[in-house]
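The values are calculated or read from the model by the stated rules, or taken from the named source; none is laboratory data. Since the structure is predicted, the reported quantities are computational estimates derived from the model, not experimental observations. Positions of Cβ are generated from backbone atoms using ideal geometry, with glycine treated the same way; all protein chains shown enter the neighbour counts. Protein only, heavy atoms only, side chains kept; ligands, DNA and RNA dropped before computing areas. Shrake-Rupley method; radii C 1.70, N 1.55, O 1.52, S 1.80 Å.
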Amino acid sequence: GKTLPVGSIVRTGDNGVVQVSATLFYRVADPDAYALQLEHLDAALERIVPAAVGETLAQRDLDAILVARPEMVAADQQMAARREALRGDLARAVQRHLDALAAAHAGLGIEVTRVDMQASFPASAIDAFNAVLSSMQNAERDIAQARTIAEKTRQGAPQNADRIVQDAQANAA
């Protein structure tokens with residue numbers, strides 16, 4: 001396998017960002033083409049794999065890419081299937097690029113067997129993500145407090161209305 005840093009940040013389909021590294025596993029399918037292109041193999045893969053990663057991640061939202069989320073542990077089987085589907089789609093995207101080179105008579109002589117990918121939040125985005133998460137939690141807390149106050153007010157309203165009527169009747173008498 002060949003580990004390739006894909007780039008600092010890749011955009012997802014829902015405009016999220018992730019930091020990605022990928023490991024490409026391949027086999028030599030055409031020894032002649034491989035021998036001819038061996039000198040250019042690394043440079044070509046350093047262009048092909050990031051392009052394929054960008055295409056593949058642009059079709060998915062952040063949750064589909066960062067599948068190992070603690071709150072989704074119950075869906076572990078589903079997460080494994082999503083991870084496998086992502087790897088398969090990524091391998092097919094890389095292979096499409098390799099096939100395009102071969103069709104242009106510049107084939108590298110390799111065939112993709114597997115692509116492993118690791119995605120994480122970029123360090124610069126973690127603080128922003130945490131700030132958004134904290135704001136959402138604060139907003140939920142404030143909404144819960146407002147609902148509690150509203151319910152107490154609603155429950156106390158009939159008593160206040162009765163008291164006002166009684167005071168008015170007493171004053172009228």
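Of the set (1) within 30 Å of residue 25 (Cβ to Cβ); (2) at pLDDT 90 or above, all apply to residue 147 but (1).
Name every residue in the stretch 13-59 that is in contact with an Asp or Glu (Cβ under 8 Å, 6 or more places away or on another chain), without any contact (Cβ under 8 Å) to a residue 60 or more places away in the chain and part of a loop (DSSP other than H, G, I, E, B), in order of residue number. Of everything in the stretch 13-59, those that are in contact with an Asp or Glu (Cβ under 8 Å, 6 or more places away or on another chain), without any contact (Cβ under 8 Å) to a residue 60 or more places away in the chain and part of a loop (DSSP other than H, G, I, E, B) turn out to be 13, 14, 16, 59. When residue 138 is tested against (1) modelled with pLDDT of 90 or more; (2) open to solvent by 70 Å² or more (accessible area, probe 1.4 Å), just one condition goes unmet, and that condition is (2).
Can you go through 91, 100, 131 and tell me which one is in a helix (DSSP H, G or I) and surrounded by fewer than 11 Cβ atoms within 10 Å (Cβ to Cβ)?
131
Look at the stretch 106-118: where a residue is closer than 13 Å to residue 48 by Cα and a partner is open to solvent by 40 Å² or more (accessible area, probe 1.4 Å) and of a type in the set (Asp, Glu), sitting 6+ places away or on another chain with Cβ atoms under 7 Å, you get 107/30.
Select from the stretch 38-65 the residues that are in contact with a Gly (Cβ under 6 Å, 6 or more places away or on another chain) and of a type outside the set (Asp, Glu) and list them in ascending order.
Correct list: 50, 58, 59, 60, 62.
For the stretch 103-126, filtered to residues that are at pLDDT below 80 and of a type in the set (Ser, Thr, Tyr), the residue that is least open to solvent (accessible area, probe 1.4 Å) is 120.
The residues in the stretch 10-42 that are open to solvent by less than 50 Å² (accessible area, probe 1.4 Å) and over 26 Å from residue 83 (Cβ atoms) can be counted, and the count is 3. Return yes or no: is residue 88 modelled with pLDDT under 90 and either out of contact with any helix residue (DSSP H, G or I) (no Cβ under 6 Å at 6 or more places or on another chain) or over 19 Å from residue 10 (Cβ atoms) (or both)? Taking the combined requirement at face value, the residue does not satisfy it.
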